[in-house]
Every structure is written in C-alpha cells, then in structure tokens.
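Visitor: Structure below; questions to follow.
The values are calculated or read from the model by the stated rules, or taken from the named source; none is laboratory data. Please read all numbers here as calculations on a predicted model, not as lab measurements. Cβ coordinates were reconstructed from backbone atoms using ideal geometry, including for glycine residues, and neighbour counts include every protein chain displayed.
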Amino acid sequence: MKFKLIGEPREDIISTTLSNRKIENLELFLNPEAAEESDPNKFKNSEEGRDLLLKHMAKGSSIVILVDADADGYTSASIMWGYIKDIDENAKLDYIVHEQKAHGLTDKVMEEISLLETKPNLIIIPDSGSNERENIKKLAEKDIDVLVIDHHHVEPHEVPEQGVIINNQLCENTNDNFVGAGVVYKFIQGIDEAYGYEFSQNYLDLVSIGQVGDSSDISNPEIRKLVFQGLGRINNKFVKTALGQAVGLKKIIPKDLSFGIIPIVNAVTRVGTLEERQILFEALVGIGFDRKFIVKKKKKNKDTGKFDTFEVEQSLFTYVYEESTKIKARQNNIVKKLIPEIEENIKDDKGVLVAFNPNRDYPGLSGLIANKFVSKYDKPSLLLTLNDGRFTGSGRGHEATLPDFRKWCEDSNLVEFAQGHDNAFGIAIKAENIEKFLDYCKKLQKQDSVYEVDVITSKPSTKDCFEVDKYRELFGGKVSEPLIGFEKLSVPKKFISTRGSVLNIYSWGVGMVQFGHNPKLYEAILNYPGDNVTLNVLGTYSMNDWGGKLSPQVIIKDIYLIDEEIIEEEINEETIIF
Ligand SMILES: [Mn+2]
C-alpha cells in the first residue's frame, strides 16, 4: 500500500482538500445561497406534464404513483404525493411499492396495475421509467396515461413514444445533477409558478435526502443551495423523527442524512416485507398520521434483575422509525449470514474478485456485500447471481487498483451491461460468456495499491481532527472529506485491540477505528515479533461524539502491516551507497 499526493499541500488541510477537489468558485461554494436556479420551464415536456396532471386532477381521475425502491425513489414519490394533496386534499391518489428492490414498470408492477380495483387514469413514475417504451405503450393501449419524472440516462431510441417523459438528461440548459427528487421538485416549482401556488419549497427537506441518497454532486452550486435550504428546514415528520434530537439543536449537514435516514430507507427497500415497505411510504407522506401503535418493550428491573415487559403507545412516525432500524439490523444479520456462504464460491486468484451468490432471495443486497468484499480483500469485486441464463449483480471498485471498474468491465466486450457509477454499478453477463469473463479478470494482476490522498504524514494530528470537524458541512458527495495517508506509523502492539468486528488503535493521542476489520491482519499484528508494529493506514479525520464527550478520531479505510525486514533492507542499501 502506497500513497501519492493529489496536489501540492496548501496552508492547511481544508484549503488543500478544497483545492484538490477543484472547487471552481470557492465563494459560491461557501455561500451557495447566491447560486442561480435553473428555469423549471426549460425542462423538456414540463408544460405537457403539468397540463396532464392538472387535467386529471380537475376531472377527479384516479392517480397512482409508483414508488421506486431506494431513498431517491421514496422521497421523489413522497414529494409528488404531498404536493398533489396540497393542491387538492381530496385527490384520488394511490401508490404501488415494489415487493423487491426493483426499478420501473416490472412485470409484477404491470400485473398489480391490471389488478387494481379502480382502473387508474394516470400513473406517475418518479425516479425511473424513461426507458419503459413497451410497457408505457401497453398502458396507453388500455387508456392509462403515464407521467415519467426521471433523471436516469436513456438512449434516444429507448425513449417511450407514448406518455409524457420529463428527464433532465434529455434536456439542455437545465441541470443534469438533479436526481429523481430534484427533477420532481423542479416540476412542482413549475406548477407553483404557473398557478400561483407556494407549496414546492416545503419539500426541500425530501429533495436533500434524494440528492444525497443518490450520491449526486452536491458541490454543484444550485444543488448545494437547495440541499442546504432543505437541511435548514426539516418539515417532514418522519424525517424529523429519524434525525431525532439533532433537528433544531444543531445544524444538520449532508453527512447526518447518510447516517440518520438514508440507510434505514435503503434497508427497508432491500430486505423489508411488502407491508414494511408500504408503511414506510405511508409514514413519509403521513397517510393515517393519527394512527397509534401499542408496542411491547422490555426493561431490566433493578430489584429482581429480570426483564419486565411493559407497553408503550407510539405515533406512526416513531413506530415506523423504530421498526425500520430493526429492519436495518435484520439486513446486517442477513449479510453476515450470506457472506460465508458466498465466500465458498469465490474466484479470487488475481486482481479482481468475482463471487457467486447461491442465494436468490435478496437481490438488493449484492451491492452492499460486494462493498464488504472490496474492503476485506482490497480488490475490485463483483457479486453475481445466476438467473435465467444470465449472471446479474453488482460491481464495486477499488480505486487504487482501477480508477473506473465499470468501464474496465465494459471494455471486456463480454458484459450485457454495466450501468451506474464508475465504481458502483449493476452488471449483467450472459451465462455463455462467464468463463471468458473470468479469464479476462485473471489477466489483471493484483497490484500494489496506490492511494491518492490529500495529506501524507507519519502520525495523526489532533489539530487536523478539530479542523475537519469544524468545517464538516463543506464535505459530502463528490467533495469528499480529506483523505489521509499515515505512512510508517509506528504503534506499540499493546495499543491495538479488537472488539467484535471493530479494530481500535491508539496512537499519538488519537483513537483510530476500523469497522469491519480483517481478522487475518490482526492475527499478523499479534504474531509479529517485538513490541511494536509499523503500519500504513488510510483514513479520515473526525471527532468522536460519545455521550456528548468529543475526542479526536481517525476512521480507518484501509490498513497494511509493513514488514520491518523490508525497511531494514532499504536502510542497508542506503548504507552501501554512502
Ligand atoms: Mn434516483
């Protein structure tokens, strides 16, 4: 493991990092309020979409919203729902959630539409649907109108001929950094402007969640402006509950969403039951908001030492939030159980790890598991499942090995598709090509990782932990926090310990922590001769908030034990030279 500086160091860690992230307009980055907003009318088909929706609302049509299975899908659908109810609280609205992690008009969704008691007159598809040419045609034949409000890349020949398709990727002079929630926001802002309503800005909290949840570039001035406006005014009752005491007390930053709400929504969309998916959407939009839930809880009795059971009454929001955190724990348990099963089928002899998942129950977990393999094996990883003659799954990259893993897969000419981000994408490979693809993978040698970092140092700095924490609201999305390479960090072995899956190192007054560590590395540290070890550590600075007590902390992203003998050899060589 080696380190390379991204750019020349500046006066401090913050300016070095912002310069490395190529923030073009620092003034606007720091004060996004001044950013110019794109014109809602420049979104192609926005007027047609507006007319279509309001025509159906005026007629009292039955309208169905399809909820896409991720944080952006849930928030964009919630914005649409809330806004329609703002205009007409009696609007005939219904919704469909996917039973599994899926996107768009799947066969299951098409079937469900045909089974609805009242035939819908309009189906709104936020956050997907731009390439549903065939299915939208089928719906049109049944006299069902479709309004797509999406942000996914689509080839011109795939764009449906029927329905109204609003997609910022098909527009000029808009902003292609909007995700589903953002495009829906621009759509309702257009209705506000045309009809003199003032409802749209109430949904900026949900816009923030969608934009951050879909990893958009929040350094873009317009996105940054809207995200921070949304974080400054959290209206949504469920979001408020999920973010807990933080709301109103301290400034909410994008990172808080990545811990507080986005993972629980994503967990429900990956492993939740149909009922759990439905009630999450209902909590987000406030359907049946006055429902009360009786929940049994346990508390340890100090006198008897046993657990007493008691009942509490919860609101819809608290109930769904607590259930969703349990679902996230369930997801983590499923992942823990699946990993050893999958590890039996790993093809791991060279630079890329390809694993096969024998279990087809949780297609939504493949990205999460591939991610765990990347940190465990230090390699770009693919997790594939065989389904009807093709392998489908997820790829997660390891930037130090390959800067763009998705393109590397595509360049093999053996994949059916590899779609998404450079280092996080969905992939499909026909069964007949899999052997050739594995051969292609073997050609990539395991490389010595070279990490591009903002700072290279031999010991953690307490001062920099404070600095990074102080300016933490500057970071998020593409503007990632400062990345530090700790080179040849010398640590007494007695300052290194593990607890469950967590590795702790105490060094120079700073606690360093790795979540999901590699037990083999810890074993190697314990077995290493002598009292000290030398480590290369990749990490980020932060402040650990434990019960209100702040302490400087390094979050370890990768760690490598340096063999001292090699260092000694280097010294010997130098001795010879001199
Ligand atoms: Mn999206």
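Visitor: All but one of (1) touching a residue at least 12 places away in the same chain (Cβ under 8 Å); (2) in a helix (DSSP H, G or I) hold for residue 120; state the number of the condition that does not hold.
Guide: (2)
Visitor: Taking the stretch 71-104 only, how many residues are in contact with a helix residue (DSSP H, G or I) (Cβ under 6 Å, 6 or more places away or on another chain), at pLDDT below 95 and away from the ligand (no atom under 14 Å from the Cβ)?
Guide: Residues flagged as in contact with a helix residue (DSSP H, G or I) (Cβ under 6 Å, 6 or more places away or on another chain), at pLDDT below 95 and away from the ligand (no atom under 14 Å from the Cβ) within the stretch 71-104 amount to 1.
Visitor: Taking residue 280, is it more than 30 Å from residue 381 (Cβ to Cβ) and of a type in the set (A, V, I, L, M)?
Guide: Values: more than 30 Å from residue 381 (Cβ to Cβ): no; of a type in the set (A, V, I, L, M): yes.
So residue 280 fails the test.
Visitor: Considering the stretch 147-161 alone, what residues qualify as being out of contact with any strand residue (DSSP E or B) (no Cβ under 7 Å at 6 or more places or on another chain), within 21 Å of residue 77 (Cα to Cα) and either away from the ligand (no atom under 15 Å from the Cβ) or among the aromatic types (Phe, Trp, Tyr) (or both)? Even if it seems obvious, please write down each step before you answer.
Guide: Let us first name the residues in the stretch 147-161 that are out of contact with any strand residue (DSSP E or B) (no Cβ under 7 Å at 6 or more places or on another chain), namely 152-153, 155-158, 160-161.
Subsequent filtering for residues that are within 21 Å of residue 77 (Cα to Cα) retains 152-153, 160.
Passing the criteria: only 160.
Visitor: If we scan the stretch 481-498, do we find a residue that is in contact with a Gly (Cβ under 6 Å, 6 or more places away or on another chain), surrounded by 13 or more Cβ atoms within 10 Å (Cβ to Cβ) and under 14 Å from residue 559 (Cα atoms)? Walk me through it before giving the result.
Guide: Going residue by residue through the stretch 481-498, those that are in contact with a Gly (Cβ under 6 Å, 6 or more places away or on another chain) are 484.
Filter once more, so that each one left must be surrounded by 13 or more Cβ atoms within 10 Å (Cβ to Cβ): 484.
Applying the additional criterion that residues be under 14 Å from residue 559 (Cα atoms) yields 484.
Yes, that holds for at least one residue.
Visitor: Where the second residue is part of a loop (DSSP other than H, G, I, E, B) and among the polar types (S, T, N, Q) and the first is under 30 Å from residue 274 (Cα atoms) and lies in the stretch 344-368, which pairs have Cβ atoms under 6 Å and are six or more apart or on separate chains?
Guide: 356/345
Visitor: Scan the stretch 481-497 for residues that are more than 23 Å from the chain's Cα centre (by Cα), within 20 Å of residue 1 (Cβ to Cβ) and part of a strand (DSSP E or B) and jot them down. So that I can check it myself, show each step before the final result.
Guide: Initial filter on the stretch 481-497 (more than 23 Å from the chain's Cα centre (by Cα)): 485-497.
Narrowing further to those that are within 20 Å of residue 1 (Cβ to Cβ): 485-491, 493, 496.
Within the stretch 481-497, 485, 486, 487, 488, 489, 490, 491, 496 meet the criteria.
Visitor: Run down 468, 479 and say which single residue is β-branched (Val, Ile, Thr), within 26 Å of residue 223 (Cβ to Cβ) and touching an Asp or Glu at 6+ places or on another chain (Cβ under 7 Å).
Guide: Numbers: 479 fails: touching an Asp or Glu at 6+ places or on another chain (Cβ under 7 Å).
From the options 468, 479, the qualifying one is 468.
Visitor: Now, a different point. Within the stretch 130-155, work out how many residues are surrounded by fewer than 17 Cβ atoms within 10 Å (Cβ to Cβ), in a loop (DSSP other than H, G, I, E, B) and over 32 Å from the mean Cα position of the chain (by Cα).
Guide: Looking only at that region, the number is 2.
Visitor: Just one of (1) in contact (Cβ under 8 Å) with a residue 12 or more places away in the chain; (2) farther than 18 Å from residue 180 by Cβ; (3) in contact with a helix residue (DSSP H, G or I) (Cβ under 9 Å, 6 or more places away or on another chain) trips up residue 207, so point out which.
Guide: Unmet condition: (2).
Visitor: Counting just the residues of the stretch 1-26 that are assigned to a helix (DSSP H, G or I) and polar (S, T, N, Q), which one comes out surrounded by the fewest Cβ atoms within 10 Å (Cβ to Cβ)?
Guide: Of the stretch 1-26, the ones assigned to a helix (DSSP H, G or I) are 13-20, 26.
Subset that is polar (S, T, N, Q): 15-17, 19-20.
Working: 15: 12, 16: 19, 17: 24, 19: 16, 20: 22.
Only one residue fits best here, namely 15.
Visitor: Could you grab me the full set of residues in the stretch 148-197 that are more than 17 Å from residue 126 (Cα to Cα) and charged (D, E, K, R)?
Guide: Listed by number, the residues that qualify are 155, 158, 161, 172, 192, 193.
Visitor: I've got another one for you. Say we look at the stretch 221-230 and pick out the residues that are farther than 18 Å from residue 82 by Cβ and within 16 Å of the ligand (Cβ to nearest atom); which of these is surrounded by the most Cβ atoms within 10 Å (Cβ to Cβ)?
Guide: If we filter the stretch 221-230 for residues that are farther than 18 Å from residue 82 by Cβ, which is where we start, we get 221-225, 227-228.
Narrowing the set further to residues that are within 16 Å of the ligand (Cβ to nearest atom) leaves 223, 227.
Numbers: 223: 24, 227: 28.
The extreme case among them is 227.
Visitor: Could we say that residue 217 is free of Cβ contacts under 8 Å to residues at least 60 places away in the same chain and not in a helix (DSSP H, G or I) here? Talk me through it step by step, then tell me what you get.
Guide: On the way: free of Cβ contacts under 8 Å to residues at least 60 places away in the same chain: no; not in a helix (DSSP H, G or I): yes.
Considered against the rule, which asks whether it is free of Cβ contacts under 8 Å to residues at least 60 places away in the same chain and not in a helix (DSSP H, G or I), residue 217 comes out as no.
Visitor: Sticking with this structure for a sec: Please identify the pairs in which a residue from the stretch 72-98 that is touching a residue at least 60 places away in the same chain (Cβ under 8 Å) has its Cβ atom under 8 Å from the Cβ atom of a residue that is in a helix (DSSP H, G or I) and among the basic types (Lys, Arg), counting only partners at least 6 apart or on another chain.
Guide: 97/277; 98/108; 98/277
Visitor: Out of the helices (runs of 4 or more DSSP H) lying entirely within the stretch 296-410, which hold 1 or more residues that are within 21 Å of residue 516 (Cα to Cα) and in contact with a Leu (Cβ under 8 Å, 6 or more places away or on another chain)?
Guide: Counting at least 1 such residues, we get 316-343, 366-377.
Visitor: When the residues of the stretch 162-196 are narrowed to those that are among the charged types (D, E, K, R) and within 16 Å of the ligand (Cβ to nearest atom), which ends up nearest to the chain's Cα centre (by Cα)? Don't jump to the end; show me each part of the working.
Guide: Within the stretch 162-196, the first condition is being among the charged types (D, E, K, R), and the residues that meet it are 172, 176, 186, 192-193.
This time we only want the ones that are within 16 Å of the ligand (Cβ to nearest atom), so: 176, 186.
Numbers: 176: 18, 186: 22 Å.
Restricting to residues being among the charged types (D, E, K, R) and within 16 Å of the ligand (Cβ to nearest atom), the top hit is 176.
Visitor: When you look at residue 208, is it in a helix (DSSP H, G or I), within 16 Å of the ligand (Cβ to nearest atom) and closer than 24 Å to residue 22 by Cα, yes or no? Please lay out each step first, then the result.
Guide: On the way: in a helix (DSSP H, G or I): yes; within 16 Å of the ligand (Cβ to nearest atom): yes; closer than 24 Å to residue 22 by Cα: yes.
Taking the combined requirement at face value, the residue satisfies it.
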